[in-house]
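The values are calculated or read from the model by the stated rules, or taken from the named source; none is laboratory data. What you see is a predicted model, and the numbers here were worked out from it, not measured in a lab. Methodologically, a virtual Cβ is constructed for each residue, glycine included, from the backbone with ideal geometry; neighbour enumeration extends over all protein chains shown. Just so you know, the surface numbers come from the protein's heavy atoms only, side chains and all, with ligands and any DNA or RNA stripped out. Shrake-Rupley method; radii C 1.70, N 1.55, O 1.52, S 1.80 Å.
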Amino acid sequence: MPSIEAQAAEVAYLIFINPEAHAQMQERPELFGYWLEALVPGVTAEQVVVAMETAFELAMADLAEMAEDFRRGTLVLPDSVFAES
C-alpha cells in the first residue's frame, strides 16, 4: 500500500485537475484540506501542504509535456473536448 504522502499527492493531483473541484476551491480553499482528510485517512496538515505542492508540480509538468506535444504536432485530444455542450 502506498504511503500516506503518496496517496495524498495522488488525490491532490486528481482534485487539482478536476475543473469542478478547482472552481469550488477558488470559492472555498479550505475544501482542499477537507477532501484530502476525507479521502486519505490519517493525513496531517503538513502532508496536505506537501500534497498541494506536489500536485501543482505534477500538473505543471503535464502542461509542459502537452505544450511540447503541441509544438511537435503530436498533441491528441479526446473527441469530448470538441463536443458541444
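Counting only helices (runs of 4 or more DSSP H) that sit completely within the chain, those holding 1 or more residues that are in contact (Cβ under 8 Å) with a residue 40 or more places away in the chain and open to solvent by 70 Å² or more (accessible area, probe 1.4 Å) correspond to 4-17, 45-72. Counting only residues that are closer than 10 Å to A51 by Cβ and among the acidic types (D, E), how many does the stretch 2-37 have? Matching residues across the stretch 2-37 total 2.
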